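One structure is given here, and the rest of the page talks about it.
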Amino acid sequence: MKAVVFAYHDIGIVGLKALTKEKFDIQAIFSHLNDPDENVWFGSVAEWAKKNQVPVFCPSNVNTPEWIETIRKISPEVIFSFYYRNLLSRDILTIPSAGSFNLHGSLLPAYRGRCPVNWVLVKGEQRTGVTLHHMVEGPDAGDIVGQKEVLIEFEDTAYTLYQKLCVKARELLEELLPLIKKGIVPRIAQNLKNGSYYGGRRPEDGKIDWSWSVMQIFNLVRAVTEPYPGAFTHLPEGKKLFIWWALPEKGNVSKGPVGVLEFEKENVYVRASDGRLRLLDIEVGKERMKAREIYKFFRKQERGILK
C-alpha cells in the first residue's frame, strides 16, 4: 500500500519503523527543519529517511498548491501523520483512497492540540495514552481508530512519559496497521464537548507561582524539566532560578508569605500555599547545584522570598 508520511520526533520514527515492518510502500516523507532555538534531544526523521533511501522534504508550508500537486502525483493510497507539527489541508487529506490517519499523544478527545504530554502533567492527570484517528480539518477531531492507555507515575517527567508513549504507539500501530491494509478501519466518533483542547507552551509558561498548591508546583516542575526549558522562579535580587527537580511535602506551613525559604538538616524548602517544596536540583546562572550544594548556596544568601 503506497503511503506518504508526515513525521517528526521519536514517535515519528516509531511510526515509520512500524510502517516498514508492515511492508507499507513509503513513497515520501515530510518532516520539519530543527528549530535552532529548541533543545533537539530526539531522533531525526530526516536522517532516518536518508538512511532508508526514502525522499524527504521539509517545507515551511506543505499546504501550498505546489506541494499539494506533488503529493497528488505520488497518488498515495494512505497518508499518515506521526507528530507532524502542522495541520494538513483538506486538499491533502482527501487525496488518498484509503484515508488519512494521525497519531496523537493523548486519550482523545481529552488534550487535543499541542504539547499533550506536558499538559497532562501540568494538570495532574493519572493516566494518558496514544490515539490513532482519522484526520479531518479540525485539530485531532476525527473519528478514533484505536487507543492505548498509559498510567502516569508520581515521579514521571515529560521525558519518561514520552518514552512510555513511544512504546504504546508501537503496540497500537502493530495492531491497527494490518486492519488499515485490509480496509477494515474502525470509526468511533469523538464527543468533543467531553474533551479538552490546549495550545502550545512557551518557555515563559514555566514560571512558578508560589501561591499555588505544592502539588500544582510539583506538576509544573516535572512537566517542563529537562529536556524541556524548565520551571523557574526568581531570587530576591532578581536572578532567575531554575528548579530542575524537587519533591512536594504537604503540611508544615507556618503562617506567613509564600515563597519563603526554610532550612532543616541541610535541606532547603520553599513554602507554597498548602505545603512546601524540597529543592533537589537547581540552577542559578550557569551554576548547577544539588543536595548539600543547594543548602550552602542559600545559607550564603540573605534569608529571603522567592518570587
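Counting only residues that are under 16 Å from the mean Cα position of the chain (by Cα), surrounded by fewer than 20 Cβ atoms within 10 Å (Cβ to Cβ) and outside any loop (DSSP other than H, G, I, E, B), the range 123-147 holds 1 of them.
Within the range 237-267, being within 20 Å of GLY206 (Cβ to Cβ), of a type in the set (Val, Ile, Thr) and over 28 Å from the mean Cα position of the chain (by Cα) holds for one residue alone: VAL258. Here LEU279 meets each of (1) of a type outside the set (Phe, Trp, Tyr); (2) farther than 14 Å from VAL221 by Cβ; (3) at pLDDT 90 or above with one exception, condition (2). Of the numbered criteria (1) at pLDDT 95 or above; (2) farther than 30 Å from MET1 by Cα; (3) surrounded by 14 or more Cβ atoms within 10 Å (Cβ to Cβ), the one GLN190 fails is (2). Evaluated against (1) over 26 Å from THR160 (Cβ atoms); (2) surrounded by fewer than 18 Cβ atoms within 10 Å (Cβ to Cβ), PRO227 falls short on exactly one condition, (1).
Looking at the range 92-102, which of its residues are farther than 17 Å from SER60 by Cβ and touching a residue at least 24 places away in the same chain (Cβ under 8 Å)? Of everything in the range 92-102, those that are farther than 17 Å from SER60 by Cβ and touching a residue at least 24 places away in the same chain (Cβ under 8 Å) turn out to be LEU93, ILE95, PRO96, ALA98, GLY99, SER100, PHE101, ASN102.
The number of residues in the range 167-180 being more than 18 Å from ILE13 (Cα to Cα) and in contact with an Asp or Glu (Cβ under 7 Å, 6 or more places away or on another chain) comes to 1. PRO96 falls short on exactly one of the conditions (1) in a loop (DSSP other than H, G, I, E, B); (2) at pLDDT 95 or above; (3) surrounded by fewer than 16 Cβ atoms within 10 Å (Cβ to Cβ), and that condition is (3).
The values are calculated or read from the model by the stated rules, or taken from the named source; none is laboratory data. The structure presented is a predicted model; accordingly, all values stated were derived computationally and were not measured. No Cβ is skipped: glycine too gets one built from the backbone with ideal geometry, and neighbour counts run over all protein chains shown.
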